[in-house]
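The values are calculated or read from the model by the stated rules, or taken from the named source; none is laboratory data. Quick caveat: nothing in here was measured; it's all calculated off a predicted structure. Neighbour counts run over all protein chains shown; Cβ positions are idealised from the backbone, glycine included. Heavy atoms of the whole protein, side chains included, go into the accessibility calculation; ligands, DNA and RNA do not. Shrake-Rupley method; radii C 1.70, N 1.55, O 1.52, S 1.80 Å.
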Number of protein chains: 2
Amino acid sequence: MARILSGNRKQFIIEEAGQLFREKGYTAASMRDLAERVGVEAASLYNHIKSKDELLREICFRVAHEYVSHLSQTEQMEATYAEKVRALLRMHIAIITHDISAVSVANNEWKHLPEPYLSEFTHIRRDYERRFAALIQKGIEAGEFRPVNPKIALFTLLAAVRWVEIWYKPGREISPQTLERDIETILIHGLTQATAP
Amino acid sequence: MARILSGNRKQFIIEEAGQLFREKGYTAASMRDLAERVGVEAASLYNHIKSKDELLREICFRVAHEYVSHLSQTEQMEATYAEKVRALLRMHIAIITHDISAVSVANNEWKHLPEPYLSEFTHIRRDYERRFAALIQKGIEAGEFRPVNPKIALFTLLAAVRWVEIWYKPGREISPQTLERDIETILIHGLTQATAP
DNA sequence: GAGATAGGCAAACGCTTGTTAGTTTTGTGC
DNA sequence: GCACAAAACTAACAAGCGTTTGCCTATCTC
């Protein structure tokens, strides 16, 4: 019985797992919960996947690689550092708004990855942060950014776009465009009006 | 046998629970894990507490009430809206850096509260956000802040200080003072240098 | 010193967990 | 309409969960 084309069955399970893990958390979500969503008995899931943590792995690493590949593209852009940072902020918001469950799981449930995947994941993330911070550092040196600690700036930016994942629901009163514009305004130009140079 | 004064025994358990829940997550942390940290068998914990979720409740609501009481004080300050918002940002950073485990649990594990506590908690938080957003709204009307969506501004600010909880460890290379100053600079004045008014 | 009490312990409870084994149903190609 | 494979099912497993019970022993009170 293949109600959905056979190759897609696993992907469907991973998608449902993403939503379930986001709602209840990885540990609190049981395979029987997942099976119910998929419309099957728990044992049947194992015809398609090897284990529960394979699901977590697939989700976390897919998201991680998406972020990294966009960062690589941005690094190679011909643009000012301010433009690169703006592009990365927009990229974050775009990925979050169109793949919210997976991003949420990758952000909040990665610590339940078993070794050696946990180490690999944190390594990828640390590398991402290091490269992003380097862009900010160079922007400061070029006089484009205020002379703040680059790590603090990095995490302030990343966190500020991360809340979108916690809070955003498609079809809410605020459009992705407004979201993007206002967050960018605050982070790049500040909340307060410029009064004196 | 009271190795620690009897009244403090429960508080000690709650503190250890906070650290454990932060590290492993509420669901993944077992009472046997907690017992080991406390230096006792799991059954003995029940001489001091009623249940596992009593621990979660105590942590979440203590943090919630701390935030709310500071907000009330700030609302009554005689100051500009920009000053009030800055005061709240400093307050957030201060609470996080001196009670990091509890804040982390309240931020990340609250969804495992059983009803009716879950509803009560989300109600308190929503009320907090509403009142904070009102300050930003008035700041915009007074011309102190840029004309952005107040909700977006609110969540951008809250998220930007929340990362401190995820990342901050006491005794790291960055001092709380630098932290406070740089985050405030970015959020209030923006990352980019002002070039033209 | 007697009695009360607080707080520890071992053992067990009923339940849920992820996962496996073995079997049966379903869909596909000839 | 038969054979093969994919994918479902039922039943069960060992382990771990939060929690209760009953008992034992230190420590404090009078």
From (1) hydrophobic (A, V, I, L, M, F, W, C); (2) over 22 Å from the mean Cα position of the chain (by Cα); (3) not assigned by TED's automatic domain parsing to the domain that holds A:His123, pick out the condition that doesn't hold for A:Ala29.
(2)
Scan (1) within 13 Å of the chain's Cα centre (by Cα); (2) over 24 Å from B:Arg22 (Cα atoms); (3) within 14 Å of chain B (Cβ to nearest Cβ) for the single condition A:Tyr67 breaks and write down its number.
(3)
Looking at region B:45-56, which of its residues are over 14 Å from B:Gln11 (Cβ atoms), surrounded by 12 or more Cβ atoms within 10 Å (Cβ to Cβ) and more than 7 Å from DNA strand D (Cβ to nearest atom)?
B:Leu56
May I ask you to verify whether B:Glu173 is out of contact with any Leu (no Cβ under 8 Å at 6 or more places or on another chain), part of a helix (DSSP H, G or I), more than 8 Å from chain A (Cβ to nearest Cβ) and farther than 18 Å from B:Lys84 by Cβ?
no
Residue by residue through region A:1-34, note down the ones that are modelled with pLDDT under 95 and within 10 Å of DNA strand C (Cβ to nearest atom).
A:Met1, A:Ala2, A:Arg3, A:Leu5, A:Ser6
Out of (1) of a type outside the set (A, V, I, L, M, F, W, C); (2) in contact (Cβ under 8 Å) with a residue 60 or more places away in the chain; (3) surrounded by fewer than 19 Cβ atoms within 10 Å (Cβ to Cβ), the one A:Ser72 does not meet is (2)
Name the single residue, out of those in region B:13-36 being away from chain A (no Cβ under 14 Å) and within 13 Å of DNA strand D (Cβ to nearest atom), that is most open to solvent (accessible area, probe 1.4 Å).
B:Arg32
Away from chain B (no Cβ under 12 Å) and not in a helix (DSSP H, G or I) - does that describe any residue in region A:115-122?
yes
Condition first: charged (D, E, K, R) and either within 15 Å of B:Arg130 (Cα to Cα) or in contact with a His (Cβ under 7 Å, 6 or more places away or on another chain) (or both). Now tell me which residues in region B:58-83 satisfy that.
B:Glu75
Could you check, for region B:129-146, whether at least one of its residues is under 25 Å from A:Leu154 (Cα atoms), more than 10 Å from chain A (Cβ to nearest Cβ), at pLDDT 80 or above and open to solvent by less than 30 Å² (accessible area, probe 1.4 Å)?
yes
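One residue is enough: does region B:60-79 have a residue meeting the conditions within 15 Å of DNA strand D (Cβ to nearest atom) and in contact with a helix residue (DSSP H, G or I) (Cβ under 9 Å, 6 or more places away or on another chain)? I'd like the intermediate steps shown before the answer.
Within region B:60-79, the first condition is being within 15 Å of DNA strand D (Cβ to nearest atom), and the residues that meet it are none.
No, region B:60-79 contains no residue that is within 15 Å of DNA strand D (Cβ to nearest atom) and in contact with a helix residue (DSSP H, G or I) (Cβ under 9 Å, 6 or more places away or on another chain).
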State yes or no: is B:Lys111 within 11 Å of chain A (Cβ to nearest Cβ), farther than 28 Å from B:Gln177 by Cα and part of a helix (DSSP H, G or I)?
yes
